[in-house]
1. Looking at (1) at pLDDT below 50; (2) touching a helix residue (DSSP H, G or I) at 6+ places or on another chain (Cβ under 6 Å); (3) in a helix (DSSP H, G or I), find the lone condition where residue 27 falls short.
2. Within the range 310-323, restricting attention to residues that are within 19 Å of residue 131 (Cβ to Cβ) and in contact with a strand residue (DSSP E or B) (Cβ under 8 Å, 6 or more places away or on another chain), which residue is surrounded by the most Cβ atoms within 10 Å (Cβ to Cβ)?
3. Conditions: (1) under 30 Å from residue 91 (Cα atoms); (2) touching a helix residue (DSSP H, G or I) at 6+ places or on another chain (Cβ under 8 Å); (3) at pLDDT 95 or above. Residue 303 meets all but one. Number of the miss?
4. Would the range 290-300 turn up any residue that is touching a residue at least 40 places away in the same chain (Cβ under 8 Å), outside any helix (DSSP H, G or I) and not assigned by TED's automatic domain parsing to the domain that holds residue 100?
5. Just one of (1) in contact with a strand residue (DSSP E or B) (Cβ under 9 Å, 6 or more places away or on another chain); (2) farther than 29 Å from residue 156 by Cα; (3) in contact (Cβ under 8 Å) with a residue 40 or more places away in the chain trips up residue 350, so point out which.
6. For residue 326, are the conditions met, namely being surrounded by 22 or more Cβ atoms within 10 Å (Cβ to Cβ) and touching a helix residue (DSSP H, G or I) at 6+ places or on another chain (Cβ under 9 Å)?
7. Is it fair to say residue 281 is over 26 Å from the mean Cα position of the chain (by Cα) and on the phi > 0 side of the Ramachandran plot?
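The values are calculated or read from the model by the stated rules, or taken from the named source; none is laboratory data. Please read these numbers as outputs of a predicted model, since none were measured by experiment. As a convention, Cβ positions derive from the backbone with ideal geometry for all residues, glycine included, and neighbour counts pool all protein chains shown.
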C-alpha cells in the first residue's frame with residue numbers, strides 16, 4: 001500500500017514538473033507556431049476601432065507566421081494616461097501607435113532605434129519628410145506609418161459666384177481675395193466670410209495653421225541642440241524666404257484677419273466655430289486636415305467643396321504644410337523585445353502601412369506608396385501635400401495650445417507687440433521643454 005502511494009505521488013510530481021517545463025517553453029508540444037508563433041506574441045496598442053483594425057491584423061499575421069500580433073484598442077481621450085500607467089506597472093504593450101505630439105513625452109520610455117541599425121539614408125529614402133519628426137541625434141523614436149497634412153478646403157460655389165476660377169496658390173493672392181469674398185451688413189457685422197483666421201478659440205486648427213506659417217519661413221519651432229536637449233526656436237528675426245518674414249510679421253499677418261481696421265478683416269470671436277461655418281456654406285476657405293474629409297462630407301453631403309494645398313510664400317525655395325504624423329514606437333520595457341522590433345519594422349514597411357492609412361482616410365508615410373496615382377477627387381491633393389508636409393516636436397499638446405493661444409490673444413488685445421508675443425511664447429516653450 002505504501003509503495004502504491006509513493007508511486008502515485010511520484011507520478012503527480014512528474015506531471016507537475018512536466019507542466020512547468022511545457023508552460024515555460026522548455027518543452028515544445030506539437031507545432032506551437034499555430035498558437036503563438038515561434039517568437040511569441042507582440043501586443044500593439046492604438047486608438048482605431050477593432051472592427052477596422054482586425055482585418056489588417058489578421059492579414060498581417062497570415063503573412064508573418066513566426067509571431068502573433070495582437071491589437072488592443074484604447075480611447076483617444078485616455079490613451080496617454082492608460083499608456084503611462086501600463087508602462088509604469090510593467091504591463092504595457094510591446095509596441096504602440098503614437099502621434100507625433102506624444103513622441104517627446106514618451107522619449108524616455110521608447111526604444112530609440114540607433115542609426116547603426118537603421119541608417120539615416122535608409123530612413124529618408126523610405127519615408128516622406130514629415131516622418132523626420134521622429135528622428136533625433138541619437139536615433140529613431142518611431143517608424144512613420146501615416147501622414148495627415150493640413151489642407152485648404154474651399155467652397156466651389158462661392159468661388160464660382162465671385163468669378164474665381166482657381167483657388168489661390170500663394171498668400172499674396174489669397175489675401176487679395178479677402179475683401180472681395182467677405183460680406184458685411186450695414187452695421188459692419190460679418191454675414192459671410194472668406195476665411196477663419198486671426199483668432200484661436202473659434203478657429204479650428206489655429207495652432208497648426210500658425211505653425212505652418214512659421215515653418216514656411218524656414219523656422220522649425222523647436223530644435224535639438226548639440227547637447228541633445230530640445231529648445232524653442234521662435235526667434236523674432238529670421239533668415240526667411242519672403243520680404244517681410246520675421247516671425248513677428250508672420251504673427252501680425254495671422255492676426256490681421258481678426259483686426260476690424262485691416263483690409264483682410266474676415267473673422268471675429270463672436271462667429272461660430274469655423275468648421276461649422278464652412279459646412280453651413282458661410283465660409284469660402286477652411287484650413288483642415290485630410291482626416292477631416294469624411295466629417296465635412298457627413299456634415300453637409302450636398303456641399304460643393306474641393307480641396308487644394310495651403311497657399312505658399314511666393315518665390316520660396318520650398319513648399320511646406322504642417323501635418324500630424326503617426327508612428328510605430330517600441331516600448332523599451334517590452335517583454336518580447338527582439339520580436340517587437342521586428343514587428344514594428346514589418347508593420348511600417350509592409351502592405352499594412354498603406355491599408356492602415358487608407359482606413360483613416362489619410363496618406364501613408366512611405367514614399368513608394370505616395371507615388372501611387374489615385375483617381376478620386378481628393379487623394380491626389382492629399383498625397384501631394386504629404387510629400388512636402390512637416391511636423392515639429394510638440395512637448396505637450398495642451399501646454400503648447402495655451403502658448404499659441406496667449407501669443408495670438410496678446411496681440412489682438414494690444415497687450416504685447418507681435419515681436420514681444422513671439423519672444424514670450426518662446427520663453428514659455430523652453431519652460432515646457434524642461435519638464
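1. Of everything listed in (1) at pLDDT below 50; (2) touching a helix residue (DSSP H, G or I) at 6+ places or on another chain (Cβ under 6 Å); (3) in a helix (DSSP H, G or I), residue 27 misses just condition (3).
2. 323
3. In the conditions (1) under 30 Å from residue 91 (Cα atoms); (2) touching a helix residue (DSSP H, G or I) at 6+ places or on another chain (Cβ under 8 Å); (3) at pLDDT 95 or above, residue 303 misses (1) alone.
4. no
5. Checking residue 350 against (1) in contact with a strand residue (DSSP E or B) (Cβ under 9 Å, 6 or more places away or on another chain); (2) farther than 29 Å from residue 156 by Cα; (3) in contact (Cβ under 8 Å) with a residue 40 or more places away in the chain, the one that fails is (1).
6. Working: surrounded by 22 or more Cβ atoms within 10 Å (Cβ to Cβ): yes; touching a helix residue (DSSP H, G or I) at 6+ places or on another chain (Cβ under 9 Å): yes.
The answer is yes for residue 326.
7. So residue 281 passes the test.
Matching residues to (1) out of contact with any helix residue (DSSP H, G or I) (no Cβ under 7 Å at 6 or more places or on another chain); (2) within 30 Å of residue 349 (Cα to Cα):
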position	(1), (2)
376	yes, yes
386	no, yes
394	no, yes
418	no, no
